[in-house]
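This report refers to the structure that appears directly beneath it.
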Amino acid sequence: MHMLSSNASLSNSGIDKASSPVEQAYQYIVNCILSGEFTAGMRIPTESVAEVLGISRTPVRDALRSLEGDGAVMIYANRGASVANYSRSEVTQLIEMRAVLEGLAARCALPNIGPGELDELSHLRSRMERESSSLSAWMAAHDAFHNYLTSLSRRPLLARQTEKMRFMLLPYYRHYYSQSLEMEILGLEHDKLISAVELNDGNHLEQIVRQHAMVNVQKVADLA
């Protein structure tokens, strides 16, 4: 799975031209989802993406297949590709599963967290605050915080599953945050997560992470 970039420009200015055409197309499409240019269920115009990036359609199609594997895109025969569109029930289930897995990951991560890891979590938390003026950049920073905490579990399969579910939910949370403007409130929630880590109580941390992941679950699901 590819990592999300914090630069979510609608143009190709944020794309690393040194990367392969497939990587460029992948990141461009992710950027458009982060920015809200591509919303859930919207058809992704292969030709337009290729034209903007100055590449052929073949690497764009390859990128779309990779995104389909990540759960962010659905490809239909004779209809092309669209941003994945999940039902209200499916969004609820994805959030519930993510909450359980991220809680487990945090619990497993706790023995591996020392002063250096705490400093990095605080740095990522501060990055979220710095990016609060840009929803796209804030969401990328938010996911970086959670992906880092999960990675400390040293369980790659678990980390990949939680990242995939976060990816699948991206359009719905983007829609929700754009309406609610709750970034500052969620910033305080992440302070609570860091405080829970500092308490060094695995049961407590797991419950706090689960509760955090379940915040506003019905409001997000209602947008499906």
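What follows draws every value from the coordinates through simple rules; no lab data is involved. Model, not experiment: these values are computed from the prediction. Positions of Cβ are generated from backbone atoms using ideal geometry, with glycine treated the same way; all protein chains shown enter the neighbour counts.
When every alpha-carbon pair in region 88-221 is counted, what percent end up more than 17 Å apart? I get 56 percent for the Cα pairs in region 88-221 exceeding 17 Å.
Neighbours of residue 146, meaning other residues whose beta-carbon lies under 9 angstrom from its beta-carbon, give a summed charge of -2 when Lys and Arg score +1 and Asp and Glu score -1. Charge tally around residue 44: other residues with Cβ under 14 Å, Lys/Arg +1 each, Asp/Glu -1 each, net -1.
Against the main long axis of the alpha-carbon atoms of the chain, helix 135-151 sits at an angle near 60°.
Remark on region 12-83: hydrodynamic radius 11.9 angstrom, per the Kirkwood mean of 1/r across alpha carbon pairs. Farthest towards the positive end of the charge dipole of the chain, among the residues 56, 224, 34, is the Cα of 56, using unit charges on the Cβ of Lys, Arg, Asp and Glu. Note: relative contact order over the chain, using C-alpha pairs below 8 Å and six or more positions apart, is 25 percent. Fewest-first ordering of 47, 206 by other beta carbons within 10 Å of each residue's beta carbon gives 47, 206.
Taking the Cα atoms only, what angle lies between the long axis of helix 156-168 and the longest principal axis of the chain, rounded to 10 degrees? The angle comes out at about 60 degrees.
Using +1 on the beta carbon of Lys and Arg, -1 on that of Asp and Glu, and nothing else charged, what's the dipole of region 12-83 about the Cα centre, debye to 20?
Working: 6 positive and 8 negative charges, 40 e Å.
My answer is approximately 200 debye.
In the chain, the DSSP-assigned H stretches of four residues or longer account for a calculated mean residue ellipticity at 222 nm of -21500 deg cm²/dmol, using -39500 (n - 2.57) per stretch and the full residue count as denominator. Counting only lysines at least 8 places from residue 17 when in the same chain, those with an alpha carbon closer than 30 Å to its own are 164. Across region 116-133, computed HN-Hα scalar couplings (Karplus, 6.51 cos²θ - 1.76 cosθ + 1.60, θ = phi - 60°) run x, 5, 5, 4, 5, 4, 5, 4, 5, 5, 5, 4, 4, 5, 5, 8, 5, 7 Hz from first to last residue, x flagging Gly and Pro. Working note: Debye formula, equal point scatterers on the alpha-carbon atoms of the chain, no solvent; log10 I(q)/I(0) at q = 0.07, 0.17 Å⁻¹ is -0.22, -1.23.
The magnitude of the dipole of region 88-221, with charges of +1 and -1 set on the Cβ of Lys/Arg and Asp/Glu and taken from the Cα centre, is near 480 debye.
Neighbour counts of other Cβ atoms within 10 Å put 198, 23 in the fewest-to-most order 198, 23. Any idea what angle helix 57-69 forms with the longest principal axis of the chain, computed on alpha-carbon atoms, 0 to 90 degrees, nearest 10? Orientation of helix 57-69: about 30 degrees from the principal axis. Dipole check for the chain: with +1 at the C-beta of Lys and Arg, -1 at the C-beta of Asp and Glu, and the Cα centre as origin, the magnitude is about 600 Debye.
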